[in-house]
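Visitor: I have a structure here, written as structure tokens, and I will follow up with some questions on it.
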């Protein structure tokens, strides 16, 4: 569910790896994210974290069927995952000692948006699509997702995304403050470059 890479000095890459579901964040990925972020709190040798998606999309957001269809899951397991969602979005991600960088391409929707809000820089491919389509599936966006978008964009932008369920392109996301820069190529190398610059500076400061 996650592809972890510590091969870049001072940096951890976290790849959302559920390509068949456009990296929708289901129960297993949620628990993996919580465990990964909890472990990162104790890694003094890591100065930056880079999030990215595997397979052409960042994330289609929260897997609503996985979380709300209790027919195939134990209710206690579902509640554990719902608690973990709140934990990693609202606390662990925001309180990381490392700087956070994110590279997005393809879809970046709904439940993935809190990662952008917690990021120091977001590099987006020019064909990326962002939005909160929950209303199209009978759910009114709320909670941490709405709060995160509200902290990045204006109230009018938030209302448009939440009430229409329409997706916006990367250039519109840039104008609304959801991303930092739009590029015509794979956004991951630039996100890695920024993370590397920070990691080198942070390691030098720590050594002094």
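Each reported figure results from applying straightforward, stated rules to the coordinates on display, with no laboratory input. For clarity, every value in this text was computed on a predicted model and none was experimentally measured. Glycine gets a Cβ as well: all are built from the backbone with ideal geometry, and neighbour counts include every protein chain shown.
Visitor: Given the criterion in contact with a helix residue (DSSP H, G or I) (Cβ under 9 Å, 6 or more places away or on another chain) and closer than 30 Å to residue 41 by Cβ, identify the matching residue among 102, 205. Quick ask: steps written out before the conclusion?
Guide: Values: 205 fails: in contact with a helix residue (DSSP H, G or I) (Cβ under 9 Å, 6 or more places away or on another chain).
It is 102.
Visitor: Scan segment 81-95 residue by residue and report those that are within 23 Å of residue 42 (Cα to Cα) and surrounded by fewer than 17 Cβ atoms within 10 Å (Cβ to Cβ). Walk me through how you get there before you give the answer.
Guide: In the first step, residues of segment 81-95 are kept if they are within 23 Å of residue 42 (Cα to Cα); the result is 81, 83-95.
Across segment 81-95, the qualifying residues are 83, 86, 87, 90, 91, 94, 95.
Visitor: Of all the residues that make up segment 6-60, how many are more than 21 Å from residue 94 (Cα to Cα), over 16 Å from the mean Cα position of the chain (by Cα) and free of Cβ contacts under 8 Å to residues at least 40 places away in the same chain?
Guide: Looking only at that region, the number is 2.
Visitor: Moving to a separate point now. Counting only residues that are touching a strand residue (DSSP E or B) at 6+ places or on another chain (Cβ under 6 Å) and not in a strand (DSSP E or B), which one in segment 94-118 is nearest to residue 197 (Cα to Cα)?
Guide: To start, the set of residues in segment 94-118 that are touching a strand residue (DSSP E or B) at 6+ places or on another chain (Cβ under 6 Å) comprises 98-105, 107-112, 115-116, 118.
Next, only the ones that are not in a strand (DSSP E or B) stay: 98, 105, 110-112, 115-116, 118.
Working: 98: 13, 105: 22, 110: 30, 111: 29, 112: 25, 115: 21, 116: 20, 118: 19 Å.
Out of the qualifying residues, it is 98.
Visitor: Could you list, in sequence order, the residues of segment 17-60 that are out of contact with any helix residue (DSSP H, G or I) (no Cβ under 7 Å at 6 or more places or on another chain) and in a strand (DSSP E or B)?
Guide: Matches in segment 17-60: 53 only.
Visitor: Within segment 115-133, restricting attention to residues that are surrounded by fewer than 24 Cβ atoms within 10 Å (Cβ to Cβ) and touching a helix residue (DSSP H, G or I) at 6+ places or on another chain (Cβ under 6 Å), which residue is farthest from residue 161 (Cα to Cα)?
Guide: 121
Visitor: Residues that are in contact with a strand residue (DSSP E or B) (Cβ under 6 Å, 6 or more places away or on another chain) and closer than 14 Å to residue 124 by Cβ: find the helices (runs of 4 or more DSSP H) completely inside segment 147-208 holding 2 or more of those. Steps first, please.
Guide: Details: elements: 155-164, 170-175, 188-207.
Hits in segment 147-208: 170-175, 188-207.
Visitor: Among the numbered criteria (1) out of contact with any strand residue (DSSP E or B) (no Cβ under 6 Å at 6 or more places or on another chain); (2) without any contact (Cβ under 8 Å) to a residue 40 or more places away in the chain, which single criterion is violated by residue 139?
Guide: All conditions pass for residue 139, except number (2).
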